[in-house]
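Below is one structure, written out as structure tokens, with a few remarks after it.
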Amino acid sequence: MRTVSPPGTWAYALRLPYDPRAARVARVTVRAALDGHGRHELVDDVELLVSELVTNAYRHAGGGCSLRITALRDGRVRVGVWDGHPHVPEAFREGAPLSPGDPHAPGGRGLHLVREYAETWGAWSSGEALPGRRGAGKLLWFEVGAAPGPA
């Protein structure tokens, strides 16, 4: 059976281990995918934002995470990071203030960067796992970049 994708769409998925180097692997993957599809203008922003999401997953979820990069039909790129902890951080809750808090704190600004630089963003939690059921966790995602115009 053959699968047909709409023109200009593509997706990459990567499972990242619980490892402090996971954010670097995610950045390299994002750069390769975006460069390979001619979306050079998005590389720096997406690298920064995906690095923040993967770092948060490493630091707070206590396990590996999954990265998915998807080119949407309208030219935007959606990036999602799934981890096994169901708690959605306060900074990513609908209506949360954009202020990153203490500028001298050693952390706590990453999700605010995502909210500031992404065109759209969101979160979804599957809640706590029940005995015998897999799938507990959350997805944090963002979208960037309308399709480039004709050259």
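Once both labels are modelled 7 Å past Cα along the beta-carbon direction, what's the Y117-H87 spacing in nm?
About 2.6 nm separates the two model spin labels.
I'd like the GluC sites (Glu not before Pro) in segment 48-101 restricted to DSSP loop residues with at most 11 other Cβ atoms within 10 Å, sorted by number.
Here the sparse-neighbourhood loop sites are E94.
Leaving out ligands and nucleic acids, note down the accessible area per residue over segment 33-100 with a 1.4 angstrom probe, in whole Å².
Per residue, segment 33-100 has an accessible area of 48 Å².
The values are calculated or read from the model by the stated rules, or taken from the named source; none is laboratory data. Note that this is a predicted model, so its numbers are computed, not measured. Cβ sites come from the backbone with ideal geometry, for glycine too, and all protein chains shown count toward neighbours. Surface areas here come from the heavy atoms of the whole protein model, side chains and all, with no ligands, DNA or RNA. Shrake-Rupley method; radii C 1.70, N 1.55, O 1.52, S 1.80 Å.
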